[in-house]
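The values are calculated or read from the model by the stated rules, or taken from the named source; none is laboratory data. Given the structure is predicted, the values throughout are model-derived calculations rather than measurements. Every residue, glycine among them, receives a Cβ derived from its backbone with ideal geometry; neighbour counts consider all protein chains shown.
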């Protein structure tokens, strides 16, 4: 099947213009800047702290906020436009449904990336003035944050292609979000409940491979935080009394493969649903 | 052999709970203005969506210029202008940006964007966001985008809905102008009089089936469809007929105590006042606005709904 890249570009440009102007995207970008700088100040005890320390502080918040933006951008893409009727007009043109879906993904992904790059980028430049030793790690952090967003964008677009109505796709979006938030805790609960032993601390520190692997495969938040640490060449993290060291087989390239699968598979499924759909 | 630009063969659509379209055959000639009539819920929109491959048929085939859109969609949809019923577009885009977006999808010259906005009187709001527009204004932008790229086929689904009467008339002129330039126009309506003065051919759809497909002339022989006021006079209707004729209302049909007066709906108060002034006792009255449901009932020989009900404008 031939793909017309001009069509993808046209759809992407429209999505970008239509969404970048909405106020909440601007608000979230400013929240990124402020949160990062505040976090850097708090941890720096008076001055700004290093990029590494800032990122470790900020990534838990980023892993909660970024999926929200992505889901807000994505949940309504197909359902909303189908309900308003604009999708009817778009699809009456010489364009394929694949081009429409890809164009939307590229356009909304660009909105998401712009917000992340502006928000964390501006904060990063401010921190760089104090300390510029870990710029490459910070760049990797921004890229991984974008990838995390694209995962949730892809997932929410998939459900938007499948479900008939906006309220249903909004429900699915909320569902995806909560799954992302709690799956790590659920897995940890399963592990602790099924493994004999009483010292929770040492159990958490000595997670078996199956547990670590399923965390990386199923819990995007944990995978994101782990990959960000690897981006700064950290292999152990001490927080709240825990000191988790990463096993050797968890590497950044392998985690990037998991990101890609999470982005590509929902898109393929979404295309399948969209193609079958009556608009 | 006649060249059909749009053809459907035994087109069928079953949704989960509704059998919306039941074996529809349509034959639209090139250069025609084709009216697709039917009461609300008859399956017109679903049929149109199947023609454009927006809804996948359960059975049957569609051909646009001999191409099946579910097989070669991109080619088949080349040169089509389409306006769905009550479409909304993108709230954050301006009128011009909306036009530019569709011009790019159609590969139309962008100079047309401003020309067409001016044609539908929206040039004054060129740089305003669609989110601030009224329904009628959005509908006009919708008309303008459908005209981009001088379409070979114009498909309009209830195009006058949401338009004020002035723009509904302007739209008719636009349709005639486009048709004069060679565009085939296919439009749906539930109002007979809207179609009557424009269309060469017409199909009537009811409950998902084509009741008739023929020339407008032949179809309209079977029904009047003109707006009328129906009054029931207490007692003899002869004096009332006399009064009406003297008052200048000459297009009358008398069925015993009931008189059908063919007038524009603005005149109905005038008629009722005249009858009251002459002390003629009106037992009951209703208006019929040329709504297809009434006309259709007339066509298939059933009488329209019993009186006592005030309907229409």
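Which of the residues belonging to region A:7-55 are in a loop (DSSP other than H, G, I, E, B) and within 14 Å of chain B (Cβ to nearest Cβ)?
If the condition is that a residue be in a loop (DSSP other than H, G, I, E, B) and within 14 Å of chain B (Cβ to nearest Cβ), then A:21, A:22 are the ones that fit.
Does residue A:91 satisfy being within 14 Å of chain B (Cβ to nearest Cβ) and either over 17 Å from residue A:11 (Cα atoms) or over 16 Å from the mean Cα position of the chain (by Cα) (or both)?
yes
Inside region B:82-107, can you point out the residues that are outside any helix (DSSP H, G or I) and closer than 22 Å to residue B:48 by Cβ?
Of everything in region B:82-107, those that are outside any helix (DSSP H, G or I) and closer than 22 Å to residue B:48 by Cβ turn out to be B:82, B:83, B:84, B:85, B:86, B:87, B:88, B:89.
For the condition within 22 Å of residue A:170 (Cβ to Cβ) and modelled with pLDDT of 85 or more, what is the one hit in A:92, A:63, A:22?
Going through A:92, A:63, A:22 in turn, just one is within 22 Å of residue A:170 (Cβ to Cβ) and modelled with pLDDT of 85 or more: A:63.
For (1) surrounded by 20 or more Cβ atoms within 10 Å (Cβ to Cβ); (2) assigned to a strand (DSSP E or B), each residue gets a yes or a no:
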| site | (1), (2) |
| --- | --- |
| B:170 | no, no |
| B:174 | yes, no |
| B:179 | no, no |
| B:195 | yes, no |
| B:212 | no, yes |
| B:217 | no, no |
| B:230 | no, yes |
| B:241 | no, no |
| B:250 | no, no |
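May I ask you to verify whether residue A:111 is touching a helix residue (DSSP H, G or I) at 6+ places or on another chain (Cβ under 7 Å), in a helix (DSSP H, G or I), buried (at least 18 other Cβ atoms within 10 Å of the Cβ) and without any contact (Cβ under 8 Å) to a residue 60 or more places away in the chain?
So residue A:111 does not fit the description; no.
Restricting attention to region A:115-128, which residues are in contact (Cβ under 8 Å) with a residue 60 or more places away in the chain and either surrounded by fewer than 17 Cβ atoms within 10 Å (Cβ to Cβ) or part of a loop (DSSP other than H, G, I, E, B) (or both)?
Correct list: A:118, A:122, A:126, A:128.
Check A:250, A:263, A:279 and return the single one that is under 30 Å from residue A:97 (Cβ atoms) and modelled with pLDDT under 95.
Just a single option satisfies the conditions, and that option is A:279.
For region B:271-288, give me each residue that is in a helix (DSSP H, G or I), out of contact with any strand residue (DSSP E or B) (no Cβ under 8 Å at 6 or more places or on another chain) and surrounded by fewer than 15 Cβ atoms within 10 Å (Cβ to Cβ).
B:273, B:277
In contact with a strand residue (DSSP E or B) (Cβ under 8 Å, 6 or more places away or on another chain), farther than 28 Å from residue A:98 by Cβ, at pLDDT 95 or above and within 12 Å of another protein chain (Cβ to nearest Cβ): does that describe residue B:143?
Spelling it out, residue B:143 is indeed in contact with a strand residue (DSSP E or B) (Cβ under 8 Å, 6 or more places away or on another chain), farther than 28 Å from residue A:98 by Cβ, at pLDDT 95 or above and within 12 Å of another protein chain (Cβ to nearest Cβ).
Criterion first (in contact (Cβ under 8 Å) with a residue 24 or more places away in the chain, within 14 Å of chain B (Cβ to nearest Cβ) and touching a strand residue (DSSP E or B) at 6+ places or on another chain (Cβ under 8 Å)) does residue A:73 satisfy it?
no
Could you please give the count of residues in region B:137-162 that are under 19 Å from the mean Cα position of the chain (by Cα), assigned to a loop (DSSP other than H, G, I, E, B) and buried (at least 17 other Cβ atoms within 10 Å of the Cβ)?
The number of residues fulfilling the criteria is 5.
For region B:88-101, which positions are closer than 14 Å to residue B:142 by Cβ and within 7 Å of chain A (Cβ to nearest Cβ)?
B:88, B:89, B:90, B:93, B:101
Mind listing whichever residues of region B:41-56 are more than 10 Å from every other protein chain (Cβ to nearest Cβ) and either in contact with a helix residue (DSSP H, G or I) (Cβ under 6 Å, 6 or more places away or on another chain) or surrounded by fewer than 23 Cβ atoms within 10 Å (Cβ to Cβ) (or both)?
Correct list: B:41 only.
For (1) surrounded by fewer than 20 Cβ atoms within 10 Å (Cβ to Cβ); (2) more than 10 Å from chain A (Cβ to nearest Cβ); (3) out of contact with any strand residue (DSSP E or B) (no Cβ under 8 Å at 6 or more places or on another chain), each residue gets a yes or a no:
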position	(1), (2), (3)
B:61	yes, yes, no
B:67	yes, yes, yes
B:72	yes, yes, yes
B:77	no, no, no
B:86	yes, no, yes
B:107	yes, no, yes
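Take the residues in region B:120-136 that are under 21 Å from the mean Cα position of the chain (by Cα) and touching a residue at least 40 places away in the same chain (Cβ under 8 Å); name whichever of them is surrounded by the fewest Cβ atoms within 10 Å (Cβ to Cβ).
Only one residue fits best here, namely B:135.
Among the numbered criteria (1) surrounded by fewer than 21 Cβ atoms within 10 Å (Cβ to Cβ); (2) more than 10 Å from chain A (Cβ to nearest Cβ), which one does residue B:113 miss?
Going through the list (1) surrounded by fewer than 21 Cβ atoms within 10 Å (Cβ to Cβ); (2) more than 10 Å from chain A (Cβ to nearest Cβ), residue B:113 breaks only (1).
Given the criteria in contact (Cβ under 8 Å) with a residue 40 or more places away in the chain and within 13 Å of chain A (Cβ to nearest Cβ), does residue B:33 qualify?
Judged against the criteria, residue B:33 is not a match.
Evaluate region B:13-28: report whether one residue or more is surrounded by 15 or more Cβ atoms within 10 Å (Cβ to Cβ) and either within 8 Å of chain A (Cβ to nearest Cβ) or over 24 Å from the mean Cα position of the chain (by Cα) (or both).
no
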